[in-house]
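Enquirer: Pasting in a structure now, in structure tokens, and then I'll have a few things to ask.
Read the figures in this text as sums done on the coordinates, not as results from a lab. Only a predicted model underlies this, so the values are computations on that prediction, with no experimental measurement involved. Here the Cβ is made from the backbone with ideal geometry for all residues, glycine too, and neighbour counts use every protein chain on show.
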Amino acid sequence: MTDTPGRQALQKYLEAETLRSQNWLARLLGVGQQTVSLWMRGYNRPGFAHMAMIQLVTGISPDLWLTDDERSRIASVRVKTQPAAAGAA
């Protein structure tokens, strides 16, 4: 299981109103309810296109679906690619 802030936010979003359900979101996004269920349980994550659609519907940013390890690797690359500070030798 992969727990991410995106999974948690989607769960809260769907639980906030009784009219929202996994089936409702699945139909809206053009996927099966089982696919949404896998996202909700952390066994799978949406692909980029579905992350973008989820953001349109819920406001949940795609970067919230990143794991802590992925965030650390991105931060490492960011540091390595930043230009050296002015005056540094």
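Enquirer: Could you tell me which of rounded, prolate or oblate describes the stretch 1-44, using a ≥ b ≥ c as the square roots of the eigenvalues of the alpha-carbon gyration tensor, with rounded for a/c under 1.5 and, failing that, prolate when a/b is larger than b/c and oblate otherwise?
Expert: Cα axes put the stretch 1-44 in the oblate bin.
Enquirer: Now for a separate question. Seen from all sides and averaged, what is the projected area of the convex hull of the Cα atoms in the stretch 5-81, in nm²?
Expert: The Cα convex hull of the stretch 5-81, projected and averaged over all directions, gives 5.4 nm².
Enquirer: Between TYR13 and ARG27, with labels modelled 7 Å along Cα→Cβ, what's the label distance in nm to one decimal, could you check?
Expert: That separation, rounded to one decimal, is 1.8 nm.
Enquirer: Given a Förster distance of 22 angstrom, what is the FRET efficiency for ARG78 paired with ALA49, based on the Cβ-Cβ distance and rounded to 0.05?
Expert: After rounding to 0.05, the efficiency reads 0.35.
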